[in-house]
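A quick write-up on the structure given underneath.
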Amino acid sequence: MRKLNNKGMTAVEVLVCFVLLVIIVVSMYTTVSAYKNKQSIESFKEKIFTYKNLLTKDIQDDLIKTGLISVNIVQASSTSELFVVDMMLRDGTTKRLKIVRELASDYDDPVDPAEDQDDNFMISYGSVVNGTEDLIDYPIPDLGYGENANGRKVYDFRINNVDINTDNGILTLYIGFYHPDFGTKYAIDIICPINAAL
């Protein structure tokens, strides 16, 4: 009868198997991690598009379908933190758009802690009846935040700039957004003639 070879694995063979296993696991981890990051970015983009499209549709439906007669810019300037626009429509209703843009100090900008605040962004839209507001709040999507030197929240997705004007009988409403990963390519941009013939 022949003797069977009952030798076990040598230490070198075990080490080689372990190294190969580690290489496979690390490469799979980086692939899965990259996919997860890409999925998060796509999810953020979807939230931004949904928010932008929902708000734009609500405002444009009123302005285009009902018809815009006149616009009263109650408060808006380049240094303002509150923008309020009243839009009178052909059916006799008044719609109000209110934009709050309060910025915390930047990460490296020293400010008196008593004067500093968290970022605060809100867009509200709805009807005004006899001076009473019936507005729906559209909080901008929360896509993460950091903290400045005073421990105040600085949101990644923020209202970057607001431009409202009625030059040449046309309402131009621009609300620009900023995100460090996406830049400034997202905005609500509405243009509507004032008191145009039906």
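Scan the stretch 124-139 and tell me whether some residue there is surrounded by 16 or more Cβ atoms within 10 Å (Cβ to Cβ), not in a strand (DSSP E or B) and not β-branched (Val, Ile, Thr).
The answer is no, given that none of the residues of the stretch 124-139 is surrounded by 16 or more Cβ atoms within 10 Å (Cβ to Cβ), not in a strand (DSSP E or B) and not β-branched (Val, Ile, Thr).
Only one residue in 52, 45, 65 is surrounded by 11 or more Cβ atoms within 10 Å (Cβ to Cβ), basic (Lys, Arg) and under 20 Å from residue 136 (Cα atoms), so which one is that? It would help to see each step written out before you state the result.
Working: 45 fails: under 20 Å from residue 136 (Cα atoms); 65 fails: surrounded by 11 or more Cβ atoms within 10 Å (Cβ to Cβ).
Going through 52, 45, 65 in turn, just one is surrounded by 11 or more Cβ atoms within 10 Å (Cβ to Cβ), basic (Lys, Arg) and under 20 Å from residue 136 (Cα atoms): 52.
If I filter the stretch 189-198 for residues that are in a loop (DSSP other than H, G, I, E, B), more than 23 Å from residue 55 (Cβ to Cβ) and touching a strand residue (DSSP E or B) at 6+ places or on another chain (Cβ under 8 Å), do I get at least one hit? Even if it seems obvious, please write down each step before you answer.
Of the stretch 189-198, the ones in a loop (DSSP other than H, G, I, E, B) are 194-198.
The next check asks that each one be more than 23 Å from residue 55 (Cβ to Cβ); those that pass are 195, 197-198.
Next cut, touching a strand residue (DSSP E or B) at 6+ places or on another chain (Cβ under 8 Å) only: 195.
The answer is yes, given that some residue of the stretch 189-198 is in a loop (DSSP other than H, G, I, E, B), more than 23 Å from residue 55 (Cβ to Cβ) and touching a strand residue (DSSP E or B) at 6+ places or on another chain (Cβ under 8 Å).
Looking at the stretch 141-179, which of its residues are surrounded by fewer than 18 Cβ atoms within 10 Å (Cβ to Cβ), within 26 Å of residue 194 (Cβ to Cβ) and hydrophobic (A, V, I, L, M, F, W, C)?
Once the filter is applied, which keeps residues that are surrounded by fewer than 18 Cβ atoms within 10 Å (Cβ to Cβ), within 26 Å of residue 194 (Cβ to Cβ) and hydrophobic (A, V, I, L, M, F, W, C), the stretch 141-179 yields only 170.
Does the stretch 105-122 include one or more residues that are outside any loop (DSSP other than H, G, I, E, B), closer than 25 Å to residue 65 by Cα and free of Cβ contacts under 8 Å to residues at least 40 places away in the same chain?
Of the stretch 105-122, the ones outside any loop (DSSP other than H, G, I, E, B) are 120-122.
Now narrow it down to the ones that are closer than 25 Å to residue 65 by Cα: none.
The answer is no, given that none of the residues of the stretch 105-122 is outside any loop (DSSP other than H, G, I, E, B), closer than 25 Å to residue 65 by Cα and free of Cβ contacts under 8 Å to residues at least 40 places away in the same chain.
Filter the stretch 148-183 for residues that are in contact (Cβ under 8 Å) with a residue 40 or more places away in the chain, under 13 Å from residue 118 (Cβ atoms) and assigned to a strand (DSSP E or B) and give the result.
153, 154, 158
Mind checking which pairs have a first residue in the stretch 53-72 that is at pLDDT below 90 and a second that is in a helix (DSSP H, G or I), Cβ under 8 Å, 6 or more apart or different chains?
Pairs found: none.
Out of everything in the stretch 14-70 that is over 24 Å from residue 95 (Cα atoms) and among the acidic types (Asp, Glu), what residue ends up being farthest from the chain's Cα centre (by Cα)?
Ranking the qualifying residues of the stretch 14-70, first place goes to 42.
Of everything in the stretch 147-180 that's at pLDDT 85 or above and small (Gly, Ala, Ser), which residue is nearest to residue 46 (Cα to Cα)?
My answer is 176.
Exactly one of (1) farther than 27 Å from residue 40 by Cα; (2) touching a residue at least 24 places away in the same chain (Cβ under 8 Å); (3) of a type in the set (D, E, K, R) is unmet by residue 134. Its number?
(2)
The values are calculated or read from the model by the stated rules, or taken from the named source; none is laboratory data. As the structure is a prediction and not an experimental result, all values here were calculated from the model. Cβ: placed from backbone, ideal geometry, glycine included. Neighbour counts: every protein chain shown.
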